[in-house]
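**Q** Take a look at this one; I'll ask things after.
The values are calculated or read from the model by the stated rules, or taken from the named source; none is laboratory data. Worth saying up front: this structure is predicted, and the values here are computed from it rather than measured. All Cβ positions, even for glycine, are placed from backbone atoms using ideal geometry, and neighbour counts span all protein chains on display.
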Amino acid sequence: MTFPGPDINWVAFTPPLVLLLTAALAVLFALYQESGRLTAQLSLLGLVVAALFNLHLFQVVRQTDAFTSFGLRYLADTPAIAFNFVILIGTVLAVLMSYHYLERADLDHPEYYPLILLSACGAMVMVAAGDLITLLLGLEIMSLAVYVLSAWRQGSRESEEAGMKYFLLGAFASAFLVYGIALLYGASGHFVYAEIAAVLRGDGFDQLLLATLGGMLVLAGLAFKAALAPFHQWAPDAYTGAPTPVTAFMSVVVKAAAIAALLRIFSSVFPDLSPLVGQVFAVLVALTLVLGNLAALFQRGVKRMLAYSAVAHAGYLGLAVLAAGTVGTRAAIWYLTAYTLMNVGAFAVLSLIADRNDRGDDLERFAGLGRMKPGLAAALTVFLLSLAGIPPLAGFTGKILVFQAALQAGYVALAIIGIVMSVVAVVYYFRVVAVMYFREPEYELPAISSWATSMAIVVTVAGTVLLGIFPGWWYGLLQAGRQLLAGM
Amino acid sequence: MATFLILAVVMIVGAVGVITLKQPVHAALALVGTLLTLAVTYVTLEAHFLAAIQVIVYAGAIMVLFLFVIMLLNIQGETPPAVLAWFRPLAYIVAVVAAAAIATTAFMEPRSLPDEVQIATALQGGGVEPIADVLFSDFLLAFQLVGVLLLTGIIGAVSLVQRKVVAVQEARADGATKELEHA
């Protein structure tokens with residue numbers, strides 16, 4: 001019996017496949033290695049190779065056409081490749097941050113790096129997913145690894161609470177997602193976005209209510225991963241309790257993958273559902289912007305403040321998602337690139353200031369940092385100013401693009417809320433900067449030197465500044481090639 | 001239709017039992033009831049292979065694991081202290097609203113069933129072959145991804161459990177110093 005195989009386009013798969021293979025190799029390495037250094041180096045190598053393959057894929061897509069594989073179940077289009085770059089950058093930076101951190105914190109177990117790679121692999125699958133089942137599986141691969149990583153510091157209540165809370169609430173959110181997928185399938189009879197959209201648009205479709213309910217549940221499941229209010233409750237605890245490099249990874253890669261999935265669904269399936277879905281999402285975005293920024297105002301710990309700021313930034317990204325299908329996609333990717341650099345950078349500085357158990361991130365500890373460690377203080381200032389959206393830096397351009405996209409899509413009120421809330425955000429970012437430069441030192445800081453973390457900080461500072469000064473370069477690349485995001 | 005209704009009622013009663021019964025063993029047994037009824041439903045739909053898998057994997061292997069965990073941890077049906085008591089009514093309200101929304105959807109847009117011949121042909125041959133056909137063509141990517149998911153789960157579980165002996169002692173020492181700092 002001959003078996004009609006599916007059309008597999010291997011080139012489209014190379015970046016996640018390289019990560020998967022590296023992870024498998026790294027696990028074998030881990031069998032014979034006590035220390036994680038070698039696995040870390042291997043992981044970095046794998047990430048660089050994946051980035052090269054991604055670059056190759058980008059060239060191919062630019063010249064010819066977008067790649068699909070397995071029918072329309074896996075889409076390697078320009079947005080997916082750009083998201084892959086963001087994920088790879090975030091992962092490389094997280095690995096660099098972890099390199100010395102894990103030894104210092106007595107957490108150096110070689111399985112750490114394979115889990116990070118597998119999580120990134122899942123994120124890439126999620127980004128390129130063209131159907132709901134692939135989306136769900138990518139999401140689960142990504143999340144499962146992150147659940148374990150956030151509980152990495154065993155014996156510490158915060159870390160174990162972070163892992164447990166994230167796992168239980170994450171499982172709950174997955175249940176929503178699965179239920180939503182089931183209802184969408186029940187209404188349309190398809191899993192692939194393009195086919196669902198075709199059925200929804202077709203004549204004689206009479207299951208709009210069922211499909212809309214399914215869409216709402218899918219939205220809830222993905223909003224949880226992106227930490228949009230009111231599904232953000234897990235984020236501050238998980239971000240604070242997890243080891244700092246894991247927090248950086250979570251706040252960037254997980255968010256990028258969730259936003260990518262939302263963009264894809266919002267530009268294919270959701271426009272044909274009842275407009276209620278878009279309105280509900282708009283309310284979520286407004287809530288996120290207000291709650292995230294206001295809660296960040298009242299935090300004493302800087303890590304927790306950054307956690308709430310990450311929630312707030314999910315709101316800005318949500319603004320871009322609302323404009324999906326038009327300029328929103330590019331704005332979201334651009335914003336995520338900037339956000340990845342500045343947010344990971346801020347966490348990297350934090351990991352050099354807090355003690356080996358991630359304690360001591362109170363505001364007082366930053367007093368006089370400008371005099372004691374001028375380099376670190378300057379870097380943190382750049383990140384915080386960029387996160388606040390101060391002009392020459394990347395965060396500013398990102399905010400402009402996002403607000404522009406929201407205005408073009410007609411969400412004027414939301415854009416105004418976003419602008420007002422970014423003014424509020426300036427207060428809590430500047431508070432840290434003020435404490436660093438205008439207060440006398442109160443604490444003896446631990447003498448930590450790590451070339452790997454320093455390298456991550458240098459890269460992120462350079463990226464934040466350069467991206468801010470030359471915004472057109474990356475934006476131009478995003479425009480290249482065919483935008484297949486809708487999966488049509 | 002009558003068979004389905006009876007099965008559905010049993011399934012729902014079992015599902016409600018899982019979340020309301022206080023003793024973990026009772027809840028686990030209620031879950032067995034639900035899973036077995038689901039298997040019977042598969043049989044009525046001619047999906048014999050699926051029914052067998054349902055019994056072997058879910059009602060068999062996974063339930064045994066549940067019972068092992070309950071037995072090893074010696075969990076009694078203790079009521080946890082009421083934290084966030086104000087949350088309870090809110091949770092009930094949300095649950096009722098969600099259930100009402102789903103019920104409305106189900107009854108507002110009833111879909112008429114296709115005629116009997118069509119159903120009979122669609123249900124034929126619920127054996128291994130049709131499942132394998134879609135699993136290795138349409139869902140090949142998903143099939144492979146499940147493998148990656150399982151790999152991730154195994155690595156994660158091993159990495160958390162394997163180091164317990166060393167790590168906990170160190171962590172306790174840490175915890176002691178932390179306590180001192182706080183005092």
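Here is a yes/no grid of residues against (1) among the aliphatic types (A, V, I, L, M); (2) modelled with pLDDT under 90; (3) touching a strand residue (DSSP E or B) at 6+ places or on another chain (Cβ under 9 Å); (4) under 20 Å from A:Asp131 (Cβ atoms):
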site: A:Arg153; (1), (2), (3), (4): no, yes, no, no
site: A:Ala162; (1), (2), (3), (4): yes, yes, no, no
site: A:Val218; (1), (2), (3), (4): yes, no, no, yes
site: A:Ser267; (1), (2), (3), (4): no, yes, no, yes
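**Q** If you don't mind, there's one more thing I want to ask. Looking at (1) over 15 Å from the mean Cα position of the chain (by Cα); (2) more than 10 Å from every other protein chain (Cβ to nearest Cβ), which is the one condition that is false for A:Ala120?
**A** (1)
**Q** Another question about this same structure. Just checking, which of A:Ala30, A:Ala123, A:Ala80 is in a helix (DSSP H, G or I), closer than 27 Å to A:Trp451 by Cα and hydrophobic (A, V, I, L, M, F, W, C)?
**A** Details: A:Ala123 fails: closer than 27 Å to A:Trp451 by Cα; A:Ala80 fails: closer than 27 Å to A:Trp451 by Cα.
Result of the check over A:Ala30, A:Ala123, A:Ala80: A:Ala30.
Okay, residues lined up against (1) farther than 20 Å from A:Ala377 by Cα; (2) surrounded by fewer than 24 Cβ atoms within 10 Å (Cβ to Cβ):
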position: A:Leu262; (1), (2): yes, no
position: A:Val280; (1), (2): yes, yes
position: A:Val285; (1), (2): yes, no
position: A:Ala312; (1), (2): yes, no
position: A:Leu317; (1), (2): yes, no
position: A:Val327; (1), (2): yes, yes
position: A:Val349; (1), (2): no, no
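**Q** Taking the stated definitions as given, is A:Ser274 polar (S, T, N, Q) and not in a loop (DSSP other than H, G, I, E, B)? Working first, answer last.
**A** Working: polar (S, T, N, Q): yes; not in a loop (DSSP other than H, G, I, E, B): no.
For A:Ser274, the condition - polar (S, T, N, Q) and not in a loop (DSSP other than H, G, I, E, B) - is not met.
**Q** Determine whether the range A:74-82 contains at least one residue that is in contact with a Phe, Trp or Tyr (Cβ under 6 Å, 6 or more places away or on another chain) and either away from chain B (no Cβ under 13 Å) or surrounded by 23 or more Cβ atoms within 10 Å (Cβ to Cβ) (or both).
**A** Yes, the range A:74-82 contains a residue that is in contact with a Phe, Trp or Tyr (Cβ under 6 Å, 6 or more places away or on another chain) and either away from chain B (no Cβ under 13 Å) or surrounded by 23 or more Cβ atoms within 10 Å (Cβ to Cβ) (or both).
**Q** Here is a check on your reading of the model: is A:Met126 more than 10 Å from every other protein chain (Cβ to nearest Cβ) and under 15 Å from the mean Cα position of the chain (by Cα)?
**A** On the way: more than 10 Å from every other protein chain (Cβ to nearest Cβ): yes; under 15 Å from the mean Cα position of the chain (by Cα): yes.
Considered against the rule, which asks whether it is more than 10 Å from every other protein chain (Cβ to nearest Cβ) and under 15 Å from the mean Cα position of the chain (by Cα), A:Met126 comes out as yes.
**Q** Conditions: (1) at pLDDT below 50; (2) within 17 Å of A:Asp108 (Cα to Cα); (3) within 7 Å of another protein chain (Cβ to nearest Cβ). B:Ile155 meets all but one. Number of the miss?
**A** So the condition that B:Ile155 fails would be (1).
**Q** Could you give me the residue pairs with C-beta distances under 7 Å whose first residue belongs to the range A:203-215 and is within 17 Å of B:Ala98 (Cβ to Cβ), whose second residue is among the β-branched types (Val, Ile, Thr) and in a loop (DSSP other than H, G, I, E, B) wherever it lies, and which are 6+ apart or on separate chains?
**A** A:Gly215/A:Val269
**Q** Look through A:Leu96, A:Leu136, A:Leu107 and report the one residue that is away from every other protein chain (no Cβ under 11 Å) and more than 15 Å from A:Met250 (Cβ to Cβ). Full working, then the answer.
**A** On the way: A:Leu136 fails: away from every other protein chain (no Cβ under 11 Å); A:Leu107 fails: away from every other protein chain (no Cβ under 11 Å).
Only one candidate passes the filter, namely A:Leu96.
**Q** Just checking, how many residues over the range A:218-240 are farther than 22 Å from A:Leu294 by Cβ, surrounded by fewer than 23 Cβ atoms within 10 Å (Cβ to Cβ) and not small (Gly, Ala, Ser)?
**A** So the answer is 0.
**Q** With respect to B:Ser137, determine if the residue is at pLDDT 80 or above and more than 25 Å from the chain's Cα centre (by Cα). So that I can check it myself, show each step before the final result.
**A** On the way: at pLDDT 80 or above: yes; more than 25 Å from the chain's Cα centre (by Cα): yes.
Yes: the conditions hold for B:Ser137.
**Q** Here's a follow-up. Failed condition for A:Val146, given (1) β-branched (Val, Ile, Thr); (2) farther than 22 Å from A:Gly241 by Cβ; (3) more than 9 Å from chain B (Cβ to nearest Cβ), with all others met?
**A** (2)
**Q** OK, next. Cβ contacts < 9 Å: first residue in contact (Cβ under 8 Å) with a residue 12 or more places away in the chain, restricted to the range B:137-160; second residue loosely packed, with under 15 Cβ neighbours inside 10 Å and not in a helix (DSSP H, G or I), any location; separation 6+ or different chain. Result?
**A** From residues that are in contact (Cβ under 8 Å) with a residue 12 or more places away in the chain, there are no pairs.
**Q** Quickly run through the range B:103-137 and pick out the residues that are within 23 Å of A:Leu217 (Cβ to Cβ) and more than 7 Å from every other protein chain (Cβ to nearest Cβ).
**A** Let us first name the residues in the range B:103-137 that are within 23 Å of A:Leu217 (Cβ to Cβ), namely B:103-111.
Those that are within 23 Å of A:Leu217 (Cβ to Cβ) and more than 7 Å from every other protein chain (Cβ to nearest Cβ): B:Ala103, B:Thr104, B:Ala106, B:Phe107, B:Pro110.
**Q** Do we have A:Leu75 as closer than 27 Å to B:Asp138 by Cα and of a type in the set (A, V, I, L, M) here?
**A** Numbers: closer than 27 Å to B:Asp138 by Cα: yes; of a type in the set (A, V, I, L, M): yes.
In short, yes.
**Q** Name, by its number, the condition in (1) surrounded by 18 or more Cβ atoms within 10 Å (Cβ to Cβ); (2) in contact (Cβ under 8 Å) with a residue 60 or more places away in the chain; (3) within 30 Å of A:Arg356 (Cα to Cα); (4) more than 9 Å from chain B (Cβ to nearest Cβ) that does not hold for A:Leu169.
**A** Among (1) surrounded by 18 or more Cβ atoms within 10 Å (Cβ to Cβ); (2) in contact (Cβ under 8 Å) with a residue 60 or more places away in the chain; (3) within 30 Å of A:Arg356 (Cα to Cα); (4) more than 9 Å from chain B (Cβ to nearest Cβ), the lone unmet condition for A:Leu169 is (1).
**Q** Turning to a different aspect of this structure: Please verify whether the range A:62-73 includes one or more residues that are away from chain B (no Cβ under 14 Å), assigned to a helix (DSSP H, G or I) and of a type outside the set (D, E, K, R).
**A** Yes.
**Q** Further, regarding this structure: Could you tell me whether A:Ala12 is in a helix (DSSP H, G or I), more than 30 Å from A:His190 (Cβ to Cβ) and among the aliphatic types (A, V, I, L, M)? I'd like the intermediate steps shown before the answer.
**A** On the way: in a helix (DSSP H, G or I): yes; more than 30 Å from A:His190 (Cβ to Cβ): no; among the aliphatic types (A, V, I, L, M): yes.
Taking the combined requirement at face value, the residue does not satisfy it.
**Q** Moving on. Exactly one condition in (1) in contact (Cβ under 8 Å) with a residue 40 or more places away in the chain; (2) over 23 Å from A:Arg356 (Cβ atoms) is not met by A:Thr64; state its number.
**A** Here A:Thr64 clears every test but (1).
**Q** Given the condition within 21 Å of B:Gln124 (Cβ to Cβ) and part of a helix (DSSP H, G or I), answer yes or no: does some residue in the range B:12-28 qualify?
**A** Within the range B:12-28, none of the residues are within 21 Å of B:Gln124 (Cβ to Cβ) and part of a helix (DSSP H, G or I).
**Q** So, in the range A:27-54, exactly how many residues are within 14 Å of chain B (Cβ to nearest Cβ), small (Gly, Ala, Ser) and buried (at least 16 other Cβ atoms within 10 Å of the Cβ)? Let's see the steps before the verdict.
**A** First, pick out the residues of the range A:27-54 that are within 14 Å of chain B (Cβ to nearest Cβ): A:27-31, A:33-36, A:39, A:43.
Narrowing further to those that are small (Gly, Ala, Ser): A:30, A:35-36, A:43.
Then keep just the ones that are buried (at least 16 other Cβ atoms within 10 Å of the Cβ); that gives A:30, A:36, A:43.
Final tally of qualifying residues: 3.
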